[in-house]
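The values are calculated or read from the model by the stated rules, or taken from the named source; none is laboratory data. Please read all numbers here as calculations on a predicted model, not as lab measurements. Because the Cβ atoms are built from the backbone with ideal geometry, glycine has one as well, and the counts that use them run over all protein chains shown. What goes into the accessible areas is simple: the full protein's heavy atoms, side chains included, and nothing from ligands, DNA or RNA. Shrake-Rupley method; radii C 1.70, N 1.55, O 1.52, S 1.80 Å.
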Amino acid sequence: MLSGSPLAVITLIPVGEVDGAALDILRRPLSECFATDVCRAPGLPLPMESWNRRREQYAAEIVLQGIADAAPGARTLGFVNVDLFSHGLAFVFGMADEGGRKAVVSLWRLRQELYYLPRDDAVLRRRLLTEAIHEIGHTFSMDHCGSSVCVMRFSNTLEETDAKGWRLCRGCREKLDKAHRGAASGVVQK
Ligand SMILES: [Zn+2]
Ligand SMILES: [Zn+2]
């Protein structure tokens, strides 16, 4: 451990075929939001056992298991370009390892083209940033938030993702600051 190093590092990892440029664009805003360095790691293959033939989707839990645990204090965020599902849900935009330090986000449902709309890179970028901050937020002990304009609000549809935006509300910002302070002082955060 680097003592006195400012804060955690977030590593972005493409899992399977993912456009690396989309990930690079996230580095700066993620770095600003979480006050941490953001780097990119070489890609991982998509675990084939995550494929569910009946649903024609990939199991988010299994994809998440395929991503190595981040080092203490660090976070890892995987990106896939396939449709993810989880138990009891028709699909998920992403998933975080509860109480852990890794998460995964899917680009699949964030593209306008999937809904027969013209491609829009700015919209895709904003949605991806929203989902990335939301999932990383979970790895910093943040739960779902009731505020309609907080990134930590649960979203079930893209309309909800677009409406809430990618910013943390004041309460969640305070929780994140607290998690950071705990990490800096060596206190283990739940
Ligand atoms: Zn969530
Ligand atoms: Zn909030």
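What to note about this one:
- Top positive-direction residue, dipole computed over segment 74-190 with Cβ charges, set Thr161, His180, Cys150: His180
- For the chain, the longest principal axis of the C-alpha atoms and the axis of helix 121-139 are separated by about 50°.
- By the rule of a second cysteine Cβ within less than 4.7 angstrom, the chain holds isolated cysteines at Cys33, Cys39, Cys172.
- Local charge for Leu168 was computed over the other residues whose Cβ lies under 11 Å away, with Lys and Arg +1 and Asp and Glu -1, and equals +4.
- Relative contact order of the chain: 17 percent, from C-alpha pairs under 8 Å at least 6 residues apart in sequence.
- Segment 110-147-segment 37-95 distance, computed between alpha-carbon centres (Å): 15 Å
- Helix 20-34 axis versus longest C-alpha principal axis of the chain: approximately 30°, rounded to the nearest ten.
- When both bridge partners sit in the chain, DSSP labels roughly 30% of those beta bridges antiparallel.
- For segment 1-91, averaging the sequence separation of C-alpha pairs within contact (under 8 Å, six or more residues apart) and dividing by the residue count gives a relative contact order of 37 percent.
- Accessible carbon and sulfur surface of the chain relative to its total accessible area, %, 1.4 Å: 53 percent
- Å² of accessible area per residue within segment 20-137, as computed with a 1.4 Å probe and no ligands counted: 50 Å²
- For the chain, the dipole from Cβ point charges (+1 on Lys and Arg, -1 on Asp and Glu) about the Cα centre works out to 460 debye, to the nearest 20.
- Length-normalised contact order of segment 47-113 in % [C-alpha pairs under 8 Å, at least 6 apart]: 31 percent
- Net charge dipole, segment 1-93: roughly 80 debye, given to the nearest 20, about the Cα centre with Cβ charges of +1 for Lys and Arg and -1 for Asp and Glu.
- For segment 40-190: rounded, prolate or oblate by the Cα gyration tensor [a/c cutoff 1.5]: oblate
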